[in-house]
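Below is one structure, written out as structure tokens, with a few remarks after it.
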Amino acid sequence: MERQTALVITAGLPLESAIRQSMRLVDGLLEGLPYAHDSSRTELYAAGMAGTLRAKLALPRRLPGADPFGTSSGPLRFIWSGGTWFTPGSCPPAPRDDNGATAWQWLHFNALHRIPPDSACFLWDIYPLEPADAA
């Protein structure tokens, strides 16, 4: 399996608390995955503030290809927002006028636009193990 990326969006926390919360959330996510992962390679890939990140986001539009995890920022397998982990199969529907974008793209866009600009966001990389490596 390829690398998987989780986006953790925090709101209303001082940066140090947001970092700790992000670590706890990713640890919990990893414990609940139905497959083994390489814990030595799980790492914080990037961090930023919501205001800076959303300033770079255009309204979602159809992306080339058929990647269910695709967003304008790249593929995301998981998004933590508003106290819930989301996946493409568990996110709210796209708006009626969706511009051809997926519900997943809209969740990503809306999650970054519905929080204060000083909210910290973290991208975590997760490396699933191949079945032979997981034994």
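General observations
- Residue among 40, 81, 73 that is under 24 Å from residue 21 (Cα atoms), at pLDDT 95 or above, out of contact with any Cys (no Cβ under 7 Å at 6 or more places or on another chain) and not charged (D, E, K, R): 81
- A search for C-beta distances below 6 Å between a residue of segment 82-104 that is free of Cβ contacts under 8 Å to residues at least 24 places away in the same chain and any residue that is of a type in the set (Ser, Thr, Tyr) and exposed (fewer than 12 other Cβ atoms within 10 Å of the Cβ), counting only pairs 6+ apart in sequence or on different chains, returns nothing.
- Set 72, 40: member being polar (S, T, N, Q), in a loop (DSSP other than H, G, I, E, B) and closer than 21 Å to residue 110 by Cα: 72
- Residue match in segment 96-112 (condition: more than 11 Å from the chain's Cα centre (by Cα), in a loop (DSSP other than H, G, I, E, B), under 21 Å from residue 27 (Cα atoms) and of a type in the set (Gly, Ala, Ser)): no
- One residue stands out in segment 43-60 among those that are part of a loop (DSSP other than H, G, I, E, B) and touching a helix residue (DSSP H, G or I) at 6+ places or on another chain (Cβ under 8 Å): the one that is surrounded by the fewest Cβ atoms within 10 Å (Cβ to Cβ), namely 59.
The values are calculated or read from the model by the stated rules, or taken from the named source; none is laboratory data. Small disclaimer: the values here were computed from a predicted structure and weren't measured. Positions of Cβ are generated from backbone atoms using ideal geometry, with glycine treated the same way; all protein chains shown enter the neighbour counts.
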